[in-house]
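Take a look at the structure below.
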Amino acid sequence: MLFRILLYFFETVKTMSILLNNLTSKISENKTAIFDSIKKVLSSGWVILGPEVKKFEEAFACYLGAKYCIGVANGTDAIELALKSFDISKSDMVATVANAGAYTTNAILAIGAKPFFLDVDSETFNTTSDEVYRAIKYGVKAVVATHLYGLAIQEIDEIAKLCTKYGVYLLEDCAQSHGASVNQKYTGTFGDASAFSFYPTKNLGALGDGGAVVSNNAEISTKVRGLRQYGWSTKYKIEMSGARNSRLDEIQAAILQIFLSDLELMNEKRRHIANRYSKEIKNISVVTPGILAENYVAHLYVIKSKQRNLLKEYLKSKEIASDIHYPIPDHRQPFFENQYEALTLKNTEELSNLILTLPCYPEMPEKDIENVISTVNEWKP
């Protein structure tokens with residue numbers, strides 16, 4: 001019954017012949033394993049913080065080469081609880097990029113801190129060590145380094161060394177970079193801690209919400225474990241302030257174990273699609289990413305065009321979905337009103353008017369890949 005409900009849901013959201021991301025195939029291909037894992041949890045009678053969560057935490061930490069993994073309810077909670085474990089207070093500033101959908105910005109604001117916005121490189125869409133150094137000299141207490149679109153920050157080791165040198169915490173935002181690496185070291189293992197999202201469309205996604213904080217620091221990990229469950233040191237004994245109920249449930253943890261075993265293969269399939277796009281899209285009005293390897297897991301395939309909106313409409317007319325990740329930089333969000341009126345982030349602001357995301361997911365049929373390529377090439381602005 002659950003499988004039929006999920007299939008019905010995803011079929012009803014189909015408004016395009018080629019979707020940006022289609023989970024139906026993923027669910028169908030893993031149907032038996034998914035139902036076996038669900039039955040296992042239901043039979044155990046243990047549905048919250050039980051053996052499946054522990055198994056997944058251990059398996060994911062092992063995969064990354066990290067010491068600790070703490071499952072939480074979602075990726076945004078992971079950022080917020082990690083920052084709380086750094087003892088960020090209301091008077092502190094936390095550096096973050098402004099081109100990643102405001103998720104980190106919201107987490108910073110939720111703990112009463114103030115965001116310090118970093119600009120990004122116009123080619124990689126990621127921040128740079130120079131920008132991080134600017135933030136450190138300004139006095140931030142922590143830096144959140146976002147590996148955007150599945151592309152690992154090439155300078156992440158240098159950024160980590162800068163933060164260590166100046167006594168600034170480093171949190172990696174790995175919501176879009178599961179399995180990406182730099183010099184054979186996975187994202188999520190460079191900083192003091194890292195935050196992961198397991199939203200269904202992520203490279204490692206559950207069939208509902210989920211997230212995790214990963215760290216090699218025992219003290220930080222202990223704090224996060226307390227913060228995710230009321231601040232308990234032992235049951236009903238609260239020793240930590242600012243805690244909440246944020247727990248990864250047993251069913252999602254069991255499902256994530258299934259998908260974790262296929263993560264490397266799925267990332268290779270994503271890279272295959274991305275590399276086909278980069279090699280075969282020849283339209284002079286479109287700028288594609290370069291051919292990338294281990295540091296790119298193609299969570300999103302993002303192109304640039306000065307006629308971005310026209311291309312988006314053209315793709316829609318051909319029943320090909322596309323999207324903009326993300327159209328409004330954080331410092332230009334309406335709720336800030338005039339707070340950041342004087343701030344200019346040149347590359348971030350220019351990119352918000354150029355970027356467009358094309359369909360890219362592991363189960364995407366070759367005929368759909370070819371259709372996207374030919375349609376983009378045929379487009380004449």
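The values are calculated or read from the model by the stated rules, or taken from the named source; none is laboratory data. Values in this document were obtained by computation on a predicted structure and should not be read as measured data. Because the Cβ atoms are built from the backbone with ideal geometry, glycine has one as well, and the counts that use them run over all protein chains shown.
Numerical summary
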| quantity | calculated |
| --- | --- |
| Complete set of residues in region 130-187 that are in contact with a strand residue (DSSP E or B) (Cβ under 9 Å, 6 or more places away or on another chain), small (Gly, Ala, Ser) and over 30 Å from Asp209 (Cα atoms) | Ala135, Gly139 |
| Residue match in region 35-58 (condition: modelled with pLDDT of 95 or more, surrounded by 17 or more Cβ atoms within 10 Å (Cβ to Cβ) and more than 30 Å from Asn216 (Cβ to Cβ)) | yes |
| Total residues in region 15-34, condition among the aliphatic types (A, V, I, L, M) and loosely packed, with under 13 Cβ neighbours inside 10 Å | 0 |
| Residue ID - surrounded by the most Cβ atoms within 10 Å (Cβ to Cβ), chosen from residues in region 282-307 that are within 16 Å of Ile373 (Cα to Cα) and among the basic types (Lys, Arg) | Lys304 |
| Boolean, Ala66 is in contact with a Ser or Thr (Cβ under 8 Å, 6 or more places away or on another chain), under 28 Å from Gln184 (Cα atoms) and crowded, with 21+ Cβ neighbours inside 10 Å | no |
| When residues of region 271-281 are limited to those that are of a type outside the set (A, V, I, L, M) and under 13 Å from Val302 (Cβ atoms), the one surrounded by the most Cβ atoms within 10 Å (Cβ to Cβ) | Tyr277 |
| Meets criteria (outside the structural domain of Ile38 (by TED's automatic domain parsing), crowded, with 21+ Cβ neighbours inside 10 Å and within 18 Å of the chain's Cα centre (by Cα)) for Ala253 | no |
| Leading residue by the ranking (surrounded by the fewest Cβ atoms within 10 Å (Cβ to Cβ)) among those in region 190-243 that are under 24 Å from Ile258 (Cα atoms) and of a type in the set (Ser, Thr, Tyr) | Thr201 |
| Members of region 160-193 that are outside any loop (DSSP other than H, G, I, E, B) and out of contact with any Leu (no Cβ under 7 Å at 6 or more places or on another chain) | Lys161, Leu162, Thr164, Lys165, Tyr169, Leu170, Glu172, Asp173, Ser181, Val182, Lys185 |
| Cβ pairs under 7 Å, 6+ apart, first in region 142-158 and within 17 Å of Val302 (Cβ to Cβ), second assigned to a strand (DSSP E or B) and among the charged types (D, E, K, R) | Thr146/Asp173; His147/Glu172; His147/Asp173 |
| Residues of region 116-133 classified as part of a helix (DSSP H, G or I), in contact (Cβ under 8 Å) with a residue 12 or more places away in the chain and not hydroxyl-bearing (Ser, Thr, Tyr), total | 2 |
| Qualifying residue in region 329-351 (condition: modelled with pLDDT of 95 or more and either within 30 Å of Ile27 (Cβ to Cβ) or in the same structural domain as Glu131 (by TED's automatic domain parsing) (or both)) | no |
| Neighbours by Cβ (under 6 Å, 6+ apart or cross-chain): first from region 311-334, closer than 12 Å to Val372 by Cβ and surrounded by 18 or more Cβ atoms within 10 Å (Cβ to Cβ); second at pLDDT below 95 and not acidic (Asp, Glu) | Ala321/Met16 |
| Tally, over region 343-361, of residues that are surrounded by 20 or more Cβ atoms within 10 Å (Cβ to Cβ) and in a loop (DSSP other than H, G, I, E, B) | 4 |
| Residue in region 272-284 that is part of a loop (DSSP other than H, G, I, E, B) and of a type outside the set (A, V, I, L, M) present | yes |
| Selection from region 222-250 of residues that are within 20 Å of the chain's Cα centre (by Cα) and assigned to a helix (DSSP H, G or I) | Val224 |
| Region 40-51, residues that are in contact with a strand residue (DSSP E or B) (Cβ under 9 Å, 6 or more places away or on another chain) and either under 22 Å from Val143 (Cβ atoms) or part of a helix (DSSP H, G or I) (or both) | Val41 |
| Condition broken by Ile320, with the remaining ones in (1) within 19 Å of the chain's Cα centre (by Cα); (2) under 22 Å from Ser278 (Cα atoms) satisfied | (1) |
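Condition check ((1) crowded, with 24+ Cβ neighbours inside 10 Å; (2) closer than 16 Å to Thr96 by Cβ; (3) touching a residue at least 12 places away in the same chain (Cβ under 8 Å)) across all residues:
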{"position": "Lys114", "(1), (2), (3)": "no, yes, yes"}
{"position": "Lys165", "(1), (2), (3)": "no, no, no"}
{"position": "Leu170", "(1), (2), (3)": "no, yes, yes"}
{"position": "His178", "(1), (2), (3)": "yes, no, yes"}
{"position": "Val182", "(1), (2), (3)": "no, no, yes"}
